[in-house]
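S.K.: After the structure tokens below, expect a handful of questions from me.
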Amino acid sequence: MGDGFRIHRFIDAGEEPSKLLIPIEGYEKKDLVSLKEAIEPIKNLLHNTDRMVDIALQNSNEPPDGITTDESAAIHIYTIQWPDTHDSLYKLLNRALRDERRNELKPWFSYLKLILTALYKLPPIKKTLWRAVRDPLLDFEFIPSQDLGREEEIGRGGFGVVHRARWLSHNRIVAVKTLHLTHLDKQAEKEFFKELSLVHSISYHHIVTFYGACTEIGKYALVMEYMSLGSLYKLLHKDKLVLDWSERLSIALQAANAINHLHKLQRPILHRDIKSLNFLLERSYQDYIVKVCDFGLAQTRSETTRQTKHNHMIACTLQWTAPEILRLKKYTDKSDVYSLGIVYWELAANEIPYDGYPNDIISDCVRRGERLEIPDDTPLQFSAVITKCWANDPDDRPPCSQLIVLIEECNRKQKTLGHVVDDDVLKLAENEIIQVLQLKYNDSKDEIVHDLMENGRQSLFKYEDDLLPDIYTAAINEKDSDFMKALKYYLEQQWKIRYSSNEWFVLFLKQNEDSQNYQFILNRTAEYGNKYMKNCPILSIVLQLLFKEIDDQCLTELNLFNDLWLTITNHGLKSIEKYSNYISKDLLNTIIEKKELVLFQALREYYRPQLFQLLEESNIKNTDNLYELALNNVADYGWLKGLQELQNKIIPKCFKILLTKIRGKDDSIALIDSITVSCDTFRKKDKLKERGK
């Protein structure tokens, strides 16, 4: 093995017995219990048992092959080295197995039941395995530099340069941070390995997974989970992503949970470098996923700073640094909380903290107790959270556990307030329709209003007998009547409220609300209801706004919109080139090149629920952000081609199941296509006959 592999091998725990031993009986009758319960009867035989159980469980998250976490941990605890090499579970169990006194094994029965249950579930492999134990203090993978295929740079700082990369031997996309380190002496190397092992031992859903490290001299690098959206800093300040308050509070809560987990460990960890650059994001089905990185590496960061001759305070990024640290006082958990407060201000203000100010000015202001101005539109409860976090006296700042409670309460109040405001707006708009049609005392009021929302003005033909003649005539005939104005206002508010979580869509509506095409779509929806909304109103509205040349005639007579809908929802974004006659050339190019993302985002909304359901039904796990990658591919190229791009990332039998489901979907779409074309052909033939007459 290479010098990087630090694995201790044990000699056999004892001499082989000189005679045949009685078979072990009785363990199979034991109930299957958790690892902690299984270890309980033998705790008095071992030292540090609780700590080793915790290490085993932390390293057994989401085990493969259908085994449970406890079963996986039972195998793991057998293979790791105890702090005292003369007193390990591996040695004691093997000694008991070789003992002629079979009663010595009884305390081990629960553990034997658990580990043997796990081993029987593992698939057979055709190669020799050597019995060995790994030191938990060095329990991370040593990855050769040539095993990392670096791709584009995705981040850079005083600590190192981050690349998106492929871990070649595992065929996995990872993030590789190459450190600004040229060498390590023995003491520095010891501290480096100690910190990396500590980071590797921590497993939590809001903490970036650390896979291993390259420890070759001059090529020191950390290999971590890849988060495709990048840092919160990038999203807020470079991508200029507009988040609604439910998303901002969700991010704030997840960040607090991550830091709280570090602070509440048996051996608490202070992050010491909290900033928006160290919170990484991924998009899930309904929300953003937030994970913290770059913690527990204080000594490595200090050594990097020394070798690169960077100022330590600059390396720590001064804008997020607590006043007591600027006064060279001791770092505490409350120093982390201060930094969180600055990150929360970024979420509220969408600005870089102290942007443009030199470090000495920032330092003076912070130490004097001066703080950034919190925007007026920040919810009062969240504004109070920020103020508590950056209190000048560390004792006045809440611990992270309390922060979680405060943000959860803020989230509840914000949701309640949002629902009340939204409901009030729609209720007022609905009442306006009821008043115009004079339905206040009509028993069919609710039925009529509901029908109008679903099917537009055309549904009023069914209710002629329920309305006063003059009211009915005006409502059904006049294009710009009070009734149509009220109905369009309701529909417009409904779009903005129902899809408020899609901030890009609300912004897109606002940008287009003065355009003639926007009014056409609003009139069309008021007239026909959801007839042209299909099963995804966001996508339908975006298409109608972008393809301005698809007018009412194209919709009602030529069936062109249906053709466009079927094409793009089957073959993705790239297929819109077929309809270049109905959109400006410049706009078409910006959409295909994704300089204008609105149609791509709308397609993601259309495909997401169907795609994620198909992936789950095909037993495909969401590892390495596979679902989001699949969603982007399908939105670009459609079902079949989009998923074929991911074939090498999916277990073959699962991919076959997925293809079967997708082909079934394609067949149904092809059938609809053929029916549509047939109907369209007959319609055109009828028109030709009419012209002939």
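The values are calculated or read from the model by the stated rules, or taken from the named source; none is laboratory data. The structure presented is a predicted model; accordingly, all values stated were derived computationally and were not measured. All Cβ positions, glycine included, derive from the backbone under ideal geometry; neighbour counts span all protein chains shown.
S.K.: From 102, 166, 95, which residue is modelled with pLDDT of 80 or more, among the charged types (D, E, K, R) and closer than 29 Å to residue 68 by Cβ? Quick ask: steps written out before the conclusion?
M.R.: Values: 102 fails: modelled with pLDDT of 80 or more; 166 fails: closer than 29 Å to residue 68 by Cβ.
The match here is 95.
S.K.: Would you confirm whether any residue within the range 121-131 is at pLDDT 80 or above, surrounded by 13 or more Cβ atoms within 10 Å (Cβ to Cβ) and farther than 30 Å from residue 217 by Cα? It would help to see each step written out before you state the result.
M.R.: As a first pass, look at the range 121-131 and keep what is at pLDDT 80 or above: 121.
When the remaining residues are screened for being surrounded by 13 or more Cβ atoms within 10 Å (Cβ to Cβ), the result is 121.
This time we only want the ones that are farther than 30 Å from residue 217 by Cα, so: 121.
Yes, there is a match, as at least one residue in the range 121-131 is at pLDDT 80 or above, surrounded by 13 or more Cβ atoms within 10 Å (Cβ to Cβ) and farther than 30 Å from residue 217 by Cα.
S.K.: Any residue at all in the range 543-552 that is part of a helix (DSSP H, G or I), at negative phi and touching a residue at least 40 places away in the same chain (Cβ under 8 Å)? Walk me through it before giving the result.
M.R.: Taking the range 543-552 as the starting set, the residues that turn out to be part of a helix (DSSP H, G or I) are 543-546, 552.
From what's left, at negative phi: 543-546, 552.
Remaining after also requiring touching a residue at least 40 places away in the same chain (Cβ under 8 Å): 543, 546.
Yes, that holds for at least one residue.
S.K.: Then there is this: Can you confirm whether residue 440 is over 18 Å from residue 492 (Cα atoms) and at pLDDT below 90? Let's see the steps before the verdict.
M.R.: Numbers: over 18 Å from residue 492 (Cα atoms): yes; at pLDDT below 90: yes.
When the stated conditions are applied, residue 440 passes them.
S.K.: Of the conditions (1) of a type outside the set (Gly, Ala, Ser); (2) within 30 Å of residue 646 (Cα to Cα); (3) touching a residue at least 24 places away in the same chain (Cβ under 8 Å), residue 520 fails just one. Which one is it?
M.R.: The single condition residue 520 does not satisfy is (2).
S.K.: Also, quick follow-up: In the range 254-267, which residue that is closer than 24 Å to residue 53 by Cα and modelled with pLDDT of 90 or more is surrounded by the most Cβ atoms within 10 Å (Cβ to Cβ)? Outline the logic, then answer.
M.R.: If we filter the range 254-267 for residues that are closer than 24 Å to residue 53 by Cα, which is where we start, we get 257-267.
Cutting the leftovers down to modelled with pLDDT of 90 or more gives us 257-264.
Details: 257: 20, 258: 26, 259: 28, 260: 20, 261: 18, 262: 21, 263: 18, 264: 13.
Filtering the range 254-267 for residues that are closer than 24 Å to residue 53 by Cα and modelled with pLDDT of 90 or more, the one surrounded by the most Cβ atoms within 10 Å (Cβ to Cβ) comes out as 259.
S.K.: Continuing with the same structure: State whether the residues of the range 132-149 include one that is buried (at least 17 other Cβ atoms within 10 Å of the Cβ), modelled with pLDDT of 75 or more, of a type in the set (A, V, I, L, M, F, W, C) and part of a helix (DSSP H, G or I).
M.R.: No, the range 132-149 has no match at all.
S.K.: Residue 592 passes all but one of (1) surrounded by 16 or more Cβ atoms within 10 Å (Cβ to Cβ); (2) within 22 Å of residue 429 (Cβ to Cβ); which number fails?
M.R.: The number of the failed condition is (2).
S.K.: So, in the range 241-267, exactly how many residues are assigned to a helix (DSSP H, G or I) and within 22 Å of residue 57 (Cβ to Cβ)? Give the derivation first.
M.R.: We begin by selecting, within the range 241-267, every residue assigned to a helix (DSSP H, G or I); these are 245-263.
Going one step further and asking which of them are within 22 Å of residue 57 (Cβ to Cβ), we end up with 257-263.
Qualifying residue count for the region: 7.
S.K.: Residue under question is residue 159, and the condition is that it be within 14 Å of residue 219 (Cβ to Cβ), of a type in the set (Phe, Trp, Tyr) and modelled with pLDDT under 85; does it hold? Even if it seems obvious, please write down each step before you answer.
M.R.: Numbers: within 14 Å of residue 219 (Cβ to Cβ): no; of a type in the set (Phe, Trp, Tyr): yes; modelled with pLDDT under 85: yes.
For residue 159, the condition - within 14 Å of residue 219 (Cβ to Cβ), of a type in the set (Phe, Trp, Tyr) and modelled with pLDDT under 85 - is not met.
S.K.: Same structure, new question: Would it be correct to say that residue 499 is over 30 Å from residue 645 (Cα atoms) and of a type in the set (Phe, Trp, Tyr)?
M.R.: Yes.
S.K.: State the number of residues belonging to the range 268-293 that are assigned to a loop (DSSP other than H, G, I, E, B) and at pLDDT 85 or above.
M.R.: Qualifying residue count for the region: 9.
S.K.: Please state which of the following conditions residue 583 fails to meet, knowing it meets all the rest: (1) closer than 26 Å to residue 284 by Cβ; (2) surrounded by 15 or more Cβ atoms within 10 Å (Cβ to Cβ); (3) at pLDDT below 85.
M.R.: (1)
S.K.: OK, next. Answer yes if at least one residue in the range 179-202 is part of a loop (DSSP other than H, G, I, E, B) and closer than 29 Å to residue 53 by Cα, and no otherwise.
M.R.: Within the range 179-202, the first condition is being part of a loop (DSSP other than H, G, I, E, B), and the residues that meet it are 180-185, 201-202.
In the following step, the residues that additionally are closer than 29 Å to residue 53 by Cα were identified as 201-202.
Yes, the range 179-202 contains a residue that is part of a loop (DSSP other than H, G, I, E, B) and closer than 29 Å to residue 53 by Cα.
S.K.: Here is a further query. Output the number of the condition that residue 227 fails; it satisfies all remaining conditions of (1) part of a loop (DSSP other than H, G, I, E, B); (2) closer than 30 Å to residue 383 by Cβ; (3) over 15 Å from the mean Cα position of the chain (by Cα).
M.R.: Exception for residue 227: condition (3).
S.K.: Taking the condition modelled with pLDDT of 85 or more, in contact with a helix residue (DSSP H, G or I) (Cβ under 7 Å, 6 or more places away or on another chain), in a strand (DSSP E or B) and outside the structural domain of residue 630 (by TED's automatic domain parsing), does residue 175 pass?
M.R.: On the way: modelled with pLDDT of 85 or more: yes; in contact with a helix residue (DSSP H, G or I) (Cβ under 7 Å, 6 or more places away or on another chain): no; in a strand (DSSP E or B): yes; outside the structural domain of residue 630 (by TED's automatic domain parsing): yes.
When the stated conditions are applied, residue 175 does not pass them.
S.K.: Evaluate the range 553-569: report whether one residue or more is charged (D, E, K, R), in the same structural domain as residue 642 (by TED's automatic domain parsing) and at pLDDT 80 or above.
M.R.: If we filter the range 553-569 for residues that are charged (D, E, K, R), which is where we start, we get 557, 563.
Subset that is in the same structural domain as residue 642 (by TED's automatic domain parsing): 557, 563.
Retained after the next criterion (residues that are at pLDDT 80 or above): 563.
Yes, that holds for at least one residue.
S.K.: If you go through the range 224-232 one residue at a time, do you hit one that is aromatic (Phe, Trp, Tyr) and closer than 24 Å to residue 410 by Cβ?
M.R.: Kept after step one, since they are aromatic (Phe, Trp, Tyr), are these residues of the range 224-232: 226.
Applying the additional criterion that residues be closer than 24 Å to residue 410 by Cβ yields none.
No.
S.K.: With the requirement that a residue be of a type outside the set (Phe, Trp, Tyr) and either touching a residue at least 40 places away in the same chain (Cβ under 8 Å) or loosely packed, with under 14 Cβ neighbours inside 10 Å (or both), what does the range 432-443 give you? Spell out the reasoning first.
M.R.: The initial filter retains those residues of the range 432-443 that are of a type outside the set (Phe, Trp, Tyr), namely 432-440, 442-443.
432, 433, 435, 436, 437, 438, 440, 443 - these are the residues of the range 432-443 that are of a type outside the set (Phe, Trp, Tyr) and either touching a residue at least 40 places away in the same chain (Cβ under 8 Å) or loosely packed, with under 14 Cβ neighbours inside 10 Å (or both).
Let's see how each residue does on (1) assigned to a helix (DSSP H, G or I); (2) touching a strand residue (DSSP E or B) at 6+ places or on another chain (Cβ under 9 Å); (3) closer than 17 Å to residue 549 by Cα; (4) modelled with pLDDT under 80:
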residue	(1), (2), (3), (4)
576	yes, no, yes, no
595	no, no, no, yes
600	yes, no, no, no
603	yes, no, no, no
608	yes, no, no, no
611	yes, no, no, no
629	yes, yes, no, no
